[in-house]
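Data first, discussion second: the structure below is written as structure tokens.
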Amino acid sequence: MASVKVMFRPSSVTGREGKIYYQIIHERKVRQLVSDYKVYPSEWDASRSRVITSRESERKSVVLSIRERIRWDVERLTKIDRRLYANGLVYTADDVIDEFNRYTQEYTLFNFMENIIVRLRQNGRVRTSETYKSTLNSIRKFLASRNSDGGYGQNVDVALDSLTPGLIEAYEAWHKERGVAPNTISFYNRILRAVYNRAVEDEIIENRNPFRHVYTGIDKTVKRALPLPVISKIKALDLSVACPLDYARDMFLMSFYLRGMSFVDMAFLKKADLRNGYVIYRRRKTGQQLIIEWTKEMQMVLDKYPENATDYLLPIIKKNGTNERYSYRNAGYSINRNLKIIAGMVGISIPLTLYVARHSWASAAKAKGIPLSVISEGMGHDSEATTQIYLASLDTSVVDRANSLIISSL
């Protein structure tokens with residue numbers, strides 16, 4: 001088997017950083033693998049063949065990061081050597097280096113996640129691909145923040161097997177320092193764990209369970225439901241001279257009328273989905289089919305706007321040949337901004353968004369006596385799948401009657 005040693009090559013220029021390299025010895029043949037890591041002579045302990053730093057050093061975080069990356073590299077080189085040895089084939093030190101370089105180029109976190117994102121989009125799972133992209137951007141920023149002072153730039157990637165418990169805990173701590181909410185941190189951790197598990201399934205890395213010490217649960221969120229009298233105030237506002245506010249209020253009410261339909265489902269609701277007095281559609285998030293009675297209140301909102309030139313029912317995505325997801329997201333941002341203005345007009349203290357309509361309908365439904373088998377305390381189930389199971393077995397006419405009660409209360 002080969003031996004791996006960490007070495008330091010001083011710069012020929014006095015006062016400049018030297019380079020870290022690895023010496024691989026196998027069957028008395030010596031090969032060198034030069035790294036990108038640079039340290040000053042005072043930061044190298046030749047007797048222990050390791051990078052060192054002092055508590056007072058301004059470069060402490062940089063040097064510690066380099067030391068950590070060196071450890072990852074040595075561990076990877078050792079694993080490659082063990083695997084080649086276990087295969088029983090003749091190999092050289094050059095083979096170890098070639099395999100290391102191949103792994104470094106192909107099996108990095110960024111590359112692996114980007115490939116997953118591409119496959120998700122190809123399979124039509126655009127929303128899921130966006131969550132992975134958001135997580136990738138987050139981990140990029142974290143790694144860049146750790147290495148920006150070390151000369152590595154903003155695109156510092158890491159090998160998949162470098163996702164250690166220490167790194168993941170540092171990633172969580174970085175979020176906490178920036179004031180990120182626990183559920184958001186958990187969201188990033190869960191996506192990253194899914195990426196890691198996929199790499200394990202593909203037999204690229206061994207499972208070392210690096211997420212065992214970080215939070216991957218879901219905290220119950222503070223209620224965002226509005227009582228019916230407040231929604232009645234929003235409905236009664238005279239916004240005829242403020243078209244953007246009027247439109248935002250209408251989309252909020254339409255979501256409420258449609259039993260708390262999510263905005264993405266509203267945006268992609270097609271004219272063909274409204275037939276025989278019912279809206280029949282599948283949730284984009286879960287694929288579950290829902291049937292909602294079309295009421296006069298819904299029609300009154302729709303009648304305020306010209307017929308949509310596209311195949312979509314509501315005036316959200318209004319132009320053919322545009323990027324539909326871009327259009328709906330921009331509409332959502334604009335509506336939520338205007339809803340915050342409306343909130344001030346009626347004295348609402350909680351941030352008013354389209355999602356509040358969903359919570360509000362659930363809360364009103366409970367108050368009107370809809371069984372918890374249909375709506376569980378303002379969408380408070382820990383698992384949405386549990387709620388879906390109850391909804392799937394319920395006669396939709398029961399929900400429609402309750403919906404009529406709720407709307408008529410405004």
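Any read-out appearing in this document is the output of simple, stated calculations on the displayed coordinates, not a laboratory observation. Computed from a predicted model, the values in this text were never measured in an experiment. Reconstructed Cβ throughout: ideal geometry from the backbone, glycine too, with neighbour counts over all protein chains shown.
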Between the helical axis of 126-147 and the dominant principal axis of the chain, each derived from Cα atoms, what acute angle in degrees is found, rounded to the nearest 10? 40 degrees
Enumerate the calculated ³J(HN,Hα) couplings along the stretch 48-65 in order (Karplus 6.51 cos²θ - 1.76 cosθ + 1.60, θ = phi - 60°), each rounded to whole Hz, writing x wherever the residue is Gly or Pro. 10, 6, 8, 7, 10, 8, 10, 4, 7, 5, 5, 9, 4, 5, 5, 5, 4, 5
Note down the relative contact order for the chain as a percent, whole number, built from C-alpha pairs under 8 angstrom at least six residues apart. 11 percent
Name the long-range amide H neighbours of Lys270: under 5 Å, sequence gap of 5 or more, or other chain; modelled H, no Pro or chain starts. Leu313
Using only the alpha-carbon atoms, how far is helix 396-408 inclined from the longest principal axis of the chain? Give it as 0 to 90 degrees, nearest 10. 70 degrees
Ordered by residue, what ³J(HN,Hα) values in Hz, to whole numbers, does the stretch 159-167 give under the Karplus form 6.51 cos²θ - 1.76 cosθ + 1.60, where θ = phi - 60° and Gly and Pro are x? 5, 4, 7, 8, 7, 9, x, x, 5
Under 16 Å from the Cα of Lys366, which aspartates and glutamates turn up, not counting those fewer than eight places away in the same chain? Glu377, Asp400
Taking the Cα of Ile204, stepping 7 Å toward and past its beta carbon, and measuring to each backbone N in the stretch 111-127: which are under 18 Å? 111-123
Choice from Asp250, Asp303, Asp311 with maximal GNM fluctuation in the chain (Cα, 10 Å cutoff): Asp303
Normalise the Cα radius of gyration of the chain by 2.2 N^0.38 Å (N = residues in it) and let me know the number. 1.32
Listed by chain and number, the residues whose amide H is under 5 Å from that of Gly18, excluding neighbours fewer than 5 places away on the same chain and using placed H, are Ser11, Val39, Tyr40
Using Cα-Cα distances under 8 Å and only pairs 6 or more residues apart, what relative contact order does the stretch 277-368 have, in percent? 12 percent
Can you find, among Asn197, Gly18, Asn338, the residue sitting farthest towards the positive end of the charge dipole of the chain, where Lys and Arg contribute +1 and Asp and Glu -1 at Cβ? Asn338
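Using only alpha carbon pairs under 8 Å that are at least six residues apart, calculate the relative contact order of the stretch 58-189 and give it in whole percent. Show your work: numbers first, answer last.
Working: 75 pairs, mean separation 31.6, N = 132.
Once normalised by length, the contact order is 24 percent.
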Enumerate the aspartates and glutamates that Lys304 could reach by cross-link, defined here as Cα to Cα under 20 Å, with residues fewer than 8 away along the same chain left out. Asp238, Asp246, Asp250, Asp273, Glu293
Can you compute the FRET efficiency between Tyr278 and Lys340 using 1/(1 + (r/R0)^6), with r the Cβ-Cβ distance and R0 = 45 Å? Round to the nearest 0.05. 0.85
Could you check which residue among Ala93, Ala194, Ala236 shows the biggest mean-square fluctuation in a GNM of the chain with a 10 Å Cα cutoff? Ala236
So what are the ³J(HN,Hα) numbers for the stretch 202-212, from phi and the Karplus equation (6.51, -1.76, 1.60; θ = phi - 60°), rounded to whole Hz, Gly and Pro as x? 7, 6, 7, 9, 8, 7, 10, 6, x, 9, 5
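Quick check on the chain: helices-only [θ] at 222 nm, where DSSP H runs of length 4 and up contribute -39,500 (n - 2.57) each and the sum goes over total residues. Nearest 500, please. Kindly include the intermediate steps, with their values, before the conclusion.
Details: 14 runs with 206 residues, N = 410.
So the helix-based figure for the chain works out to -16500 deg cm²/dmol.
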Entries in Lys5/Lys29; Lys340/Lys368; Lys233/Lys340 that, when Cα-Cα distance is taken, lie over 24 Å: Lys340/Lys368
What is the set of long-range amide H partners of Trp44 at a cut-off below 5 Å, with H atoms built 1.01 Å from backbone N? Ile52
Considering only Ser255, Ser42, Ser129, give the residue with the highest GNM mean-square fluctuation for the chain, with springs between Cα atoms whenever their separation is below 10 Å. Ser42
